[in-house]
Structure formats: structure tokens, C-alpha cells
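Asks: So that we are looking at the same thing, I have put the structure below in C-alpha cells.
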Amino acid sequence: NAGVTQTPKFQVLKTGQSMTLQCAQDMNHNSMYWYRQDPGMGLRLIYYSASEGTTDKGEVPNGYNVSRLNKREFSLRLESAAPSQTSVYFCASSPLAGGIGEQFFGPGTRLTVL
Amino acid sequence: AQSVTQLDSHVSVSEGTPVLLRCNYSSSYSPSLFWYVQHPNKGLQLLLKYTSAATLVKGINGFEAEFKKSETSFHLTKPSAHMSDAAEYFCVVSTGDSWGKLQFGAGTQVVVTP
């Protein structure tokens, strides 16, 4: 049982390049989330998926797109990377029992955009 | 809207002395509250959660937190700090929607000195 896995662990991009961050969970959770973490700002929600086939915007969605490929996988895409997207990205999942949102986090992807 | 305020961005303690991390919340309903810990270059791990049962919540590694509705607080404590407690700690509130979204505080960095 690996929990939540993310790839890659590290990535360096040039401004304007695109990339996809991958996330998978093996806990049969319904809900999945993408966050970014910046110093002094905690974690901010980018997008979430309440169930397979649905996605919704979070607090900071601009510049990102997501795909809920199946129940296990939830990817985050940067179409044209900008230096402001330099951050650590975390994927999380939740069993969503009655809306009480305990979440389980992956190890993160550290992204630098030059 | 739900929010949390962590009152200290940095806390420095000596090994063996008590740890107190302060968190105030704002919520229009009876919230679910969490404390997560993040060790350097790692993902987030759940320390403990409050979900309207007992107001004194015990978590992992000797941590506990007390929910005080009259003070809208959810402070985290540990009687005796260990070197391994050096990490960043996040106070988190559930937004109360049906999709388990969470609102994170800005974090408190804990330094433990020998």
C-alpha cells in the first residue's frame, strides 16, 4: 500500500514550457486535490475532483488544468509555465466520509520555472 | 467563510521543554479542525483531528490539542519537546462543503535546540 504517489519529485522548466504532474492513490478514495505550497502561505488549493469524471476550481486555478483519468489518477498540467508557478506541488486524496475532509498527502513535486 | 490564523510563524524551544503552537479559527458552523506536520522535504502527515466529539484530542507522538469554542481556538501542545519535533506545523479547518475542502493556516516553523 503506497498511499499517494507523485511524479516527478523535482523538475526545472523554462518559461513557456509545458509539463504534467502525475498523481496516483491506491486507497480507493473518491476525492483528490492539487495544492501548491509557497513560503508563509500554507497550502492553497488549485483544483479538486470530488469523484471520477468531475473536476472543479479551487482558490488559485489560473495557469493550470487537471484531468481525473480514473478513480486512482489525477494529473495537473501547466500549459505555459511562468516563474510565478515556481512552487512545491502536493497531491492529496480523501475518503470523504460525510464531508469531513481528512486528507492524505503525497511527497510533493518541487518545480522551478526559470 | 472558514479560516484559521496561526499566531506564531516561528517557535523555538529547548529539548525537554513544553511546546505550544497557537491557532484561532473562524467558522460559521461547528468546524472540523486538524493539525498536520511537515518534516523537511516531506509531505504532510496528520497529527490529530477534532470532529465534534471530545474537546481534548490526542494525536501521534505525544501531541494533543484542545478545542475551545468560547475562544475559537485549537492550540497544539506537547509536554516535552524532542529533537525530532523540528518541523513545520499547519492548523487546518474543514470548509464544511460536500467535497472535503480544507483551509490551511500559514504554518508555524518549530526549532528545537539541544
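Asks: For region A:37-80, enumerate the residues that are under 21 Å from residue A:15 (Cβ atoms), in contact (Cβ under 8 Å) with a residue 24 or more places away in the chain, more than 11 Å from chain B (Cβ to nearest Cβ) and not aromatic (Phe, Trp, Tyr).
Replies: Those that are under 21 Å from residue A:15 (Cβ atoms), in contact (Cβ under 8 Å) with a residue 24 or more places away in the chain, more than 11 Å from chain B (Cβ to nearest Cβ) and not aromatic (Phe, Trp, Tyr): A:46, A:60, A:76, A:77, A:78, A:79, A:80.
Asks: How about region B:61-111: which of its residues are in contact with a Lys or Arg (Cβ under 6 Å, 6 or more places away or on another chain), modelled with pLDDT of 95 or more and not charged (D, E, K, R)? Walk me through how you get there before you give the answer.
Replies: Here is the first cut: in region B:61-111, the residues in contact with a Lys or Arg (Cβ under 6 Å, 6 or more places away or on another chain) are B:62-64, B:75, B:95.
With modelled with pLDDT of 95 or more added as a condition, the list becomes B:62-64, B:75.
B:62, B:63, B:75 - these are the residues of region B:61-111 that are in contact with a Lys or Arg (Cβ under 6 Å, 6 or more places away or on another chain), modelled with pLDDT of 95 or more and not charged (D, E, K, R).
Asks: Got a sec? Which strands (runs of 3 or more DSSP E) wholly within region A:1-53 have at least 1 residues that are within 26 Å of residue B:93 (Cα to Cα)?
Replies: The qualifying strands (runs of 3 or more DSSP E) are A:4-7, A:19-25, A:31-37, A:43-49.
Asks: Of the residues that make up region B:48-63, is at least one crowded, with 19+ Cβ neighbours inside 10 Å, within 13 Å of another protein chain (Cβ to nearest Cβ), free of Cβ contacts under 8 Å to residues at least 40 places away in the same chain and not hydrophobic (A, V, I, L, M, F, W, C)?
Replies: Within region B:48-63, one or more residues are crowded, with 19+ Cβ neighbours inside 10 Å, within 13 Å of another protein chain (Cβ to nearest Cβ), free of Cβ contacts under 8 Å to residues at least 40 places away in the same chain and not hydrophobic (A, V, I, L, M, F, W, C).
Asks: Ok, one more. Of everything in region B:70-114 that's in a loop (DSSP other than H, G, I, E, B) and among the acidic types (Asp, Glu), which residue is nearest to residue B:29 (Cα to Cα)?
Replies: Within region B:70-114, the match that is nearest to residue B:29 (Cα to Cα) is B:97.
Asks: Between a residue in region B:69-84 that is under 18 Å from residue B:108 (Cα atoms) and any residue that is in a helix (DSSP H, G or I) and modelled with pLDDT of 95 or more, which pairs come within a Cβ distance under 9 Å, given they are 6 or more apart or on different chains?
Replies: These pairs meet every condition: B:78/B:62; B:78/B:85; B:79/B:62; B:80/B:62; B:82/B:62.
Asks: In region B:12-68, what count of residues is obtained for those that are in a strand (DSSP E or B), over 14 Å from the mean Cα position of the chain (by Cα) and either among the hydroxyl-bearing types (Ser, Thr, Tyr) or within 17 Å of residue A:43 (Cβ to Cβ) (or both)?
Replies: 3
Asks: Next question. For the condition of a type in the set (Gly, Ala, Ser) and in contact with a helix residue (DSSP H, G or I) (Cβ under 9 Å, 6 or more places away or on another chain), what is the one hit in A:40, A:63, A:106?
Replies: Residue meeting the stated conditions: A:63.
Asks: More than 18 Å from residue A:103 (Cβ to Cβ), surrounded by 14 or more Cβ atoms within 10 Å (Cβ to Cβ) and within 11 Å of another protein chain (Cβ to nearest Cβ): does that describe residue B:108? Step through it out loud before you land on a result.
Replies: Values: more than 18 Å from residue A:103 (Cβ to Cβ): yes; surrounded by 14 or more Cβ atoms within 10 Å (Cβ to Cβ): yes; within 11 Å of another protein chain (Cβ to nearest Cβ): yes.
Criteria met by residue B:108.
Asks: Here's something else I'd like to know. Does residue A:114 satisfy the condition of being among the aliphatic types (A, V, I, L, M) and touching a Pro at 6+ places or on another chain (Cβ under 8 Å)?
Replies: Details: among the aliphatic types (A, V, I, L, M): yes; touching a Pro at 6+ places or on another chain (Cβ under 8 Å): yes.
Yes.
The values are calculated or read from the model by the stated rules, or taken from the named source; none is laboratory data. Computed from a predicted structure; not experimentally measured. Using ideal geometry, Cβ is built from the backbone for each residue, glycine included, and neighbour counts are taken over all protein chains shown.
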